[in-house]
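For reference, the structure is listed below as structure tokens.
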Amino acid sequence: MLLPQLIAFGLALAPSLASAALFPKDTLVKSIDEKGFRKVMKQNQTSVVAFVAPWCGYCQRMAPEYSKAAVGLHPLVPLYAVDCDADKNKALCAEQGVKGFPTVKLYPRGNQLPAVSFDSNERTANAFFYWASQKVPYTVRRLAQVEDVEDWAAQKTSKPRAVLLSKEKKIPLLWRVLSNKYRDEMAFGHHVGKKGKSAAALGVKGGGDESKSKVILYAPGSTKAALYEGVLKMDPLSEFFDAVIDGTADLKVPKEPEEVPVTDTPVPNAEQIVLNTPPSQSEKEADAVPTAPSPEPAKAVETEAHHADDDAVPPPEPVEKVVDESASRHAKEEL
């Protein structure tokens, strides 16, 4: 009696199993159905979806390369697959204009922007990687000078502002992905500081190695920069920005040095002035006790006194002031 039920269960699983067989067991490509597709589109971030059929020879040859691209783009741009041979997905595939297999599309901002089709016949990991990397939309302001950072931060005080201080002119994929993800809640900038002194010039202390990239952040309503001290990767930065947006982030803004109050020197009264007045010359002479005239000093003493300045210790000299991207198939997640 259980045999018919097992057969029905096996038939129900056959499409998904066949779809999973297209990709390696440890693949980062996630198989989704219509419900999963709708959920991905609501995230409003860049993703790539391959519409495939298990029996398609082109799909079978593409799957290993598509899977390698998923490794290189993880976790910045997720890659998905939809089995259009499954009955529950046929309406979705028709809706997305799938007319042949494989059909690969990039969704720049979920369902907010039109999808972009992969039209090349070169279905390799490199081709998928560079195509997806270049199609990520971003809103990052390039800030050439330190003064530009300060002016830009002062103009957008209504929302948090994050600036990447880097030595590379090219804006990293990670920073572009983050600006796309948080485009409605935050403003993003990019400043190239070849000498690594920009953080200090912006009033941010610490940060360790000056040759490494840094992220500084301005809280809403503030023009004082705070240094992000976490790891420069997708997940930690996302958690930090989420906390900044909801107001729970601990932003360590350097405090201005406290001013030492200046106390006025008390003015002595008239009586103290009189008592503290030094005696006049006539008073000195009147009180002086007459003494015998002292003998003239010897010439040797005069000579010694005359050259005493030659052995004087010279004053100390003033102390000087101490002034103070990837050709491989892996996305550079860390800044």
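Charge dipole of region 9-134 (Cα centre as origin; +1 on each Lys and Arg Cβ, -1 on each Asp and Glu Cβ, all else neutral): 280 debye, rounded to the nearest 20.
Could you order peptides 163-169, 35-41, 69-75, 189-195 by the average number of other Cβ atoms within 10 Å of their residues, highest first?
Final packing ranking: 69-75, 163-169, 189-195, 35-41.
If you plug the beta carbon distance of residue 115 and residue 156 into 1/(1 + (r/R0)^6) with R0 = 25 Å, you get a FRET efficiency near 0.20. Simple point charges give the picture: +1 on the Cβ of Lys and Arg, -1 on the Cβ of Asp and Glu, and for region 101-190 a dipole about the Cα centre of about 180 debye. Relative to the Cα centre, the charge distribution of region 140-246, modelled as +1 at Lys and Arg Cβ and -1 at Asp and Glu Cβ, gives a dipole magnitude of about 480 debye. Quick one: grab the alpha carbon gyration tensor of region 140-246, order the square roots of its eigenvalues as a ≥ b ≥ c, and give me rounded if a/c is under 1.5, else prolate or oblate depending on whether a/b is larger than b/c. Note, shape of region 140-246 comes out rounded.
Using the Cβ-Cβ distance between residue 147 and residue 248 with R0 set to 30 Å, the FRET efficiency works out to roughly 0.40. The 3J(HN,Hα) values that the Karplus relation (6.51, -1.76, 1.60; θ = phi - 60°) gives for region 24-34 are, in residue order, x, 5, 9, 5, 9, 6, 9, 7, 10, 9, 4 Hz. Gly and Pro appear as x. For the peptides 54-61, 244-251, the ranking by mean Cβ contacts within 10 Å, running from highest to lowest, is 54-61, 244-251.
Throughout, read-outs are computed from the coordinates displayed, never taken from laboratory work. Keep in mind it's a predicted model, so treat the numbers as computed, not measured. Positions of Cβ are backbone-derived with ideal geometry, glycine not excepted, and every protein chain shown enters the neighbour counts.
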